[in-house]
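The values are calculated or read from the model by the stated rules, or taken from the named source; none is laboratory data. Everything numeric here is computed off the predicted structure, so don't read it as measured data. Quick reminder, even Gly has a Cβ in these numbers, built from the backbone with ideal geometry, and neighbours come from all protein chains shown. What goes into the accessible areas is simple: the full protein's heavy atoms, side chains included, and nothing from ligands, DNA or RNA. Shrake-Rupley method; radii C 1.70, N 1.55, O 1.52, S 1.80 Å.
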Amino acid sequence: MKIEIKNCEIMQWKDGGAEFLRGSIAIGEGTIRSIGEIPKSFSPDRVIDAGGALALPGLVNAHTHVSMSLLRNLADDLELMKWLQDKVWPIEEKMSEEDVHIGALISMVEMIHSGITAFADMYFSMDQVAAAAAEAGLRANIGVGLTGDGETSKPKLQSFREFYDRYNGKADGRIIVDLAPHAPYTCDGDCLSAAAGVARDLGCGLHIHLAETSGEVDECKKRYGLSPIFLAERAGLFEGRAIAAHCVHVDEADIELLADKGVHVVHNPTSNLKLASGFAPTAAMIEAGVSLAIGTDGPASNNNQNMLEEIHLAAILAKVVSGDPTAMPAAQALQIATEGGSKALGLAEAAGSLSEGAPADLLLLRTDKAHMRPLHDPVAAVVYGAGPSDIDTLICDGKVIMTGGIIETLDEEEIIKKAQEAASRLVSR
């Protein structure tokens with residue numbers, strides 16, 4: 001389908017900042033065909049009048065666990081390991097594939113309203129998450145969860161190879177399959193090394209939690225004599241595209257290694273704050289050249305998947321942690337959540353930008369409400385003031401996902417109903 005979006009303010013990245021161009025966007029065959037002036041020869045099948053809204057690249061949620069939406073508001077105000085061991089893991093053992101699917105679907109609804117066009121997930125029964133993403137029309141890095149030791153991980157890794165062959169590149173290329181060893185405290189060194197070998201063989205990405213809490217770091221050093229970052233490097237996890245979620249408790253040597261290896265660190269500010277895990281030193285990471293992205297983490301530890309809130313928090317936390325009010329300015333925070341996330345997921349080179357030839361993944365954000373006016377600096381207004389209710393339209397891979405705040409690919413009302421029923425059944429078990 002060919003789409004013309006007219007009468008919008010188009011944000012483009014220029015020299016590390018943002019510039020706006022008033023005009024139109026022509027979309028065809030999943031890519032942006034032209035920006036600003038539309039050729040007279042372009043004949044759209046659908047025209048969307050943006051009414052002066054801001055056109056922005058789609059947001060990328062670079063670390064989440066979407067099916068944990070069924071556990072939302074169930075186990076709160078706990079530290080990480082107590083939350084996991086006493087609340088989350090016992091309930092997850094009772095989850096059916098149907099639960100995983102409906103949990104993923106309600107997360108798709110929430111993420112669409114939040115302006116997310118792509119996300120990186122880590123969980124189990126990932127065929128169900130892939131199916132939900134395909135239904136929603138979003139891009140998804142399907143991170144197949146892995147735990148265990150060198151022996152117990154062998155059949156799991158063989159199963160992963162089969163899963164990769166079946167699902168990588170599905171949904172018109174929107175599905176990317178990654179291998180997701182959970183963390184150094186649930187995967188021993190042999191398991192991590194084996195996972196790195198499989199990823200190397202297949203050429204797939206790796207997605208792992210690293211250095212989320214001080215206790216995790218202390219235990220890793222006690223067991224291996226290394227920080228989680230250096231353990232992951234020794235195991236070979238950083239040889240290809242690697243997503244490292246959290247990286248809260250990292251020192252200067254860790255940061256230098258992350259930068260040197262091109263690891264994509266995903267900052268999850270709300271989850272880290274809520275679980276009292278700490279503050280990731282993002283300003284120091286940026287200074288060292290670390291590739292950053294932003295994620296919501298799962299909806300059971302957040303408790304939402306509002307990327308605009310995460311971008312806001314990322315920007316202001318960078319300032320208070322570093323003591324520098326100029327750290328992570330608004331444009332940089334938004335660029336990390338778009339281009340930075342796209343790089344972490346291994347998307348096309350121009351992904352995360354609005355430029356000719358880039359994937360047609362974008363959103364329209366209205367600025368005509370009281371909390372967005374006066375509009376002196378549009379980027380600052382988005383980062384420090386906007387919310388999901390301001391997002392009007394979402395397009396992914398050149399297909400319309402939502403217009404006028406109404407999702408076109410999913411039955412939102414029915415999904416909400418089924419999610420509540422599924423959660424009630426799950427808790428009753």
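Sequence gap at least 6, Cα distance under 8 Å: using those rules, report the relative contact order of the stretch 338-427 to the nearest whole percent. Relative contact order comes out at 19 percent.
Between LYS94 and THR152, the FRET efficiency estimated from the beta carbon spacing at R0 = 25 angstrom works out to 0.75. With θ taken as phi - 60° and the Karplus curve 6.51 cos²θ - 1.76 cosθ + 1.60 applied, the whole-hertz 3J(HN,Hα) list for the stretch 382-390 is 5, 6, 9, x, 7, x, x, 5, 7 Hz, x standing for glycine and proline. Computing FRET efficiency as 1/(1 + (r/R0)^6) for GLU162 and GLN85, where r is the C-beta to C-beta distance and R0 is 35 Å, gives about 0.70. Here's how it looks for THR31: its modeled amide H is under 5 Å from those of ALA360, which are all 5 or more places away or on a different chain.
Accessible area of the stretch 79-220 with a 1.4 Å probe: how many percent of it is carbon plus sulfur? Its accessible area is 49 percent carbon and sulfur atoms. Annotation: the antiparallel percentage among DSSP beta bridges lying fully within the stretch 1-133 is about 60.
For the stretch 92-242, lysine pairs separated by 8 or more sequence positions, or belonging to different chains, with Cα-Cα distances below 30 Å total 9. Working note: 222 nm ellipticity from helices only, DSSP H runs with n ≥ 4, each -39,500 (n - 2.57), summed and divided by the residues of the chain, gives -10500 deg cm²/dmol to the nearest 500. The charge dipole of the chain, taken about the Cα centre with unit charges on the Cβ atoms of Lys, Arg (+1) and Asp, Glu (-1), comes to about 380 debye, rounded to the nearest 20. For the stretch 102-128, the residues whose amide N sits under 13 Å from a probe point set 7 Å from the Cα of LYS369 along the beta carbon direction are 113-115. For the chain, the solvent-accessible area works out to 39 Å² per residue, with a probe of 1.4 Å and every protein chain left in place. Over 24 Å apart at the Cα level, from the set LYS274/LYS418; LYS343/LYS399; LYS6/LYS40; LYS261/LYS399; LYS82/LYS274; LYS369/LYS418, are LYS274/LYS418; LYS261/LYS399; LYS369/LYS418. Per-residue packing, averaged as other Cβ atoms within 10 Å, sorts the ranges 314-324, 156-166 into the order 314-324, 156-166, beginning with the highest. Evaluating 6.51 cos²θ - 1.76 cosθ + 1.60 at θ = phi - 60° for every residue in the stretch 267-275, the Karplus couplings come out as 7, 10, x, 5, 4, 5, 6, 5, 8 Hz, glycine and proline recorded as x. Ranking LEU74, TYR384, LEU179 by how far each Cα lies toward the positive end of the dipole of the chain (charges on Cβ) leaves TYR384 at the top.
The fraction of all Cα pairs in the stretch 337-422 landing in successive 5 Å bins from 0 to the largest distance is 3, 12, 16, 17, 20, 17, 10, 4, 1, 0, given as whole percents. Karplus-derived 3J(HN,Hα) values for the stretch 5-19, using 6.51 cos²θ - 1.76 cosθ + 1.60 with θ = phi - 60°, are 9, 10, 6, 10, 9, 9, 8, 10, 7, 9, 6, x, x, 10, 10 Hz; glycine and proline are entered as x.
Each of the peptides 57-70, 336-349 was scored by the mean count of other Cβ atoms within 10 Å over its residues; in descending order, highest first, they stand as 57-70, 336-349.
Database remark: amide H of VAL248 closer than 5 angstrom to the amide H of GLU212 (H placed geometrically; neighbours at sequence offset of 5 or more, or on other chains; Pro and chain starts carry no H). With 0.36 nm allotted per residue and the present C-alpha distance subtracted, the VAL427-SER355 stretch has 21.2 nm of extension available. Scanning residues 5 or more positions from LYS2 or on other chains, those with amide H under 5 Å from its amide H are ASP45, ARG46, with H placed 1.01 Å from N in the peptide plane. Out of the DSSP beta bridges found with both residues in the chain, what percent are antiparallel (nearest 5)? Given both bridge residues lie in the chain, the antiparallel proportion sits at roughly 45 percent. The fraction of all Cα pairs in the chain landing in successive 20 Å bins from 0 to the largest distance is 28, 59, 13, 0, given as whole percents. Here is the list for the stretch 1-56: GluC sites (Glu not before Pro) lying in DSSP coil, each with at most 15 other C-beta atoms within 10 angstrom of its C-beta, are GLU29, GLU37. Lacking any other cysteine beta-carbon closer than 4.7 Å, the following Cys residues of the chain have no compatible partner: CYS8, CYS204, CYS220, CYS247, CYS396. Measuring from centroid to centroid over Cα atoms, what is the spacing of the stretch 292-333 and the stretch 363-427 in Å? That distance is 18 Å.
Taken over the stretch 180-284, the percentage of Cα pairs per 10 Å bin, counting from 0 up to the bin with the maximum distance, is 16, 52, 29, 3.
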